[in-house]
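The structure appears below as structure tokens.
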């Protein structure tokens, strides 16, 4: 199998998982061995990216409850190969136990550790709901958000949220990603504390134990809700109500406030997932239309690299008009601008969830989604939101629908404000 690229092995594994609920053992073991090859970082990185980007993400993005067990069996094996101190069967038995919904039994809680989902959008759509529930259910406890520092910045303005930094490298090699759980175990090792895990990559979606199961509460977001077409914030709220008896927790953000710059905020960022984009011409035409209406626009440059380069080209093509401003800085800074804007526009990414949490009218362009249920789960949970679902290669329809959605959502929001 040495001649087969890592992506080829990954697609072979994924295809078998989806068709048969199992996988070719030799292909998986070969992919794991490559991902653990510390003498060849290039090979190890290619294999790691193929394993997570092709196999693991697709199994999760389909939101099929039966695939959760497929993932658990497959990745328990991966963990046991990478970290021999873990036994695959033990991990699987525990996982099947902790995935069951159970009510919090009561008792004094001094600290609540809420685990980050690592990606910014998921931390707004899902993790923030858990933070809100924890604040409501445990008013005297310290509420800790455990995860990357940049994610905690989204809640810097909330004095009740204490950041606990634990890094997870989404571009790291396999073993390094798994070792984040060991750091996490140390961070939450405390009597009188509980852990809420909203399907975090820090625990590899609940598979790696980090504390006594009695104080660990796991929201299996890929299965909860079954065949319902409900969005993740709603499902997270229902699970938290069921477990902790809280009422209507909802997504929120609390970034440090920035001075308002523009009426409209726009992000064409896709988090390194090019499938979420339409194309350069679409982005140019939409921005041109917004600017032609005399609206001031703040366009996020993103985290740098290719994304920032695309923004630079776009701004130059537009002629750097005075009403177009470019945001440079942290995502939390941009989130503050979103919350102060009158309209947010972007692809399926963190911005839509920030806008939804702040009740800002929004238009979200979804392209490259794996299935209709993924679209349902990740759509923004908001009153004034329009979703443009883009079919592959249909830019003209996407442009027309996006411009119509912008007009419609602004009209709806304006009408509601005068009622």
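Results, tabulated for the structure shown:
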quantity	calculated
Condition check for residue 109: closer than 30 Å to residue 352 by Cβ and either modelled with pLDDT under 95 or part of a loop (DSSP other than H, G, I, E, B) (or both)	no
Tally of residues being farther than 20 Å from residue 222 by Cα and in contact with a helix residue (DSSP H, G or I) (Cβ under 7 Å, 6 or more places away or on another chain) across the range 24-76	17
Evaluation of residue 124 against (1) crowded, with 23+ Cβ neighbours inside 10 Å; (2) out of contact with any strand residue (DSSP E or B) (no Cβ under 7 Å at 6 or more places or on another chain); (3) outside any helix (DSSP H, G or I) (one fails), failing number	(3)
Count of residues meeting criterion [at pLDDT 95 or above and either under 18 Å from residue 72 (Cβ atoms) or in contact with a strand residue (DSSP E or B) (Cβ under 8 Å, 6 or more places away or on another chain) (or both)] in the range 214-239	10
Residue ID - farthest from the chain's Cα centre (by Cα), chosen from residues in the range 38-73 that are farther than 28 Å from residue 224 by Cα and surrounded by fewer than 18 Cβ atoms within 10 Å (Cβ to Cβ)	39
Index of the failed condition, residue 182 passing every other in (1) under 30 Å from residue 42 (Cβ atoms); (2) in a strand (DSSP E or B)	(2)
Helices (runs of 4 or more DSSP H) fully within the range 19-78 counting 2 or more residues that are under 21 Å from residue 91 (Cα atoms)	25-35, 57-61
The range 191-205, residues that are modelled with pLDDT under 95 and within 24 Å of residue 99 (Cβ to Cβ)	none
Identity of the residue in the range 144-159, farther than 17 Å from residue 303 by Cβ and free of Cβ contacts under 8 Å to residues at least 40 places away in the same chain, that ends up surrounded by the fewest Cβ atoms within 10 Å (Cβ to Cβ)	159
Search result, residues across the range 276-285 that are in contact with a strand residue (DSSP E or B) (Cβ under 7 Å, 6 or more places away or on another chain) and surrounded by fewer than 22 Cβ atoms within 10 Å (Cβ to Cβ)	276, 277
Test for residue 141: is it without any contact (Cβ under 8 Å) to a residue 40 or more places away in the chain, under 22 Å from residue 189 (Cβ atoms) and crowded, with 18+ Cβ neighbours inside 10 Å	yes
Members of the range 131-161 found to be under 24 Å from residue 378 (Cα atoms), outside any strand (DSSP E or B) and touching a helix residue (DSSP H, G or I) at 6+ places or on another chain (Cβ under 6 Å), listed by number	133, 151, 153, 154
Hits in the range 164-190 - residues which are under 19 Å from the mean Cα position of the chain (by Cα), within 19 Å of residue 39 (Cα to Cα) and surrounded by fewer than 17 Cβ atoms within 10 Å (Cβ to Cβ)	171, 172
The range 1-18, residues that are in a helix (DSSP H, G or I) and either in contact (Cβ under 8 Å) with a residue 60 or more places away in the chain or touching a helix residue (DSSP H, G or I) at 6+ places or on another chain (Cβ under 9 Å) (or both)	6, 7, 8, 9, 10, 11, 12, 13, 14, 16, 17, 18
Of the criteria (1) surrounded by 17 or more Cβ atoms within 10 Å (Cβ to Cβ); (2) closer than 28 Å to residue 155 by Cα; (3) at pLDDT below 95, which one residue 265 fails	(3)
Matching residues in the range 251-273 - criterion: being in contact (Cβ under 8 Å) with a residue 40 or more places away in the chain, part of a loop (DSSP other than H, G, I, E, B) and under 13 Å from residue 340 (Cα atoms)	253, 254, 255, 256, 257, 258, 260, 261, 262, 263
Qualifying residue in the range 291-303 (condition: assigned to a helix (DSSP H, G or I) and touching a helix residue (DSSP H, G or I) at 6+ places or on another chain (Cβ under 9 Å))	yes
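The values are calculated or read from the model by the stated rules, or taken from the named source; none is laboratory data. Just so we're clear, the structure is a prediction, and the values are computed from it rather than from any experiment. Don't worry about glycine lacking a Cβ; one is built from the backbone with ideal geometry, like all the others, and counts go over all protein chains shown.
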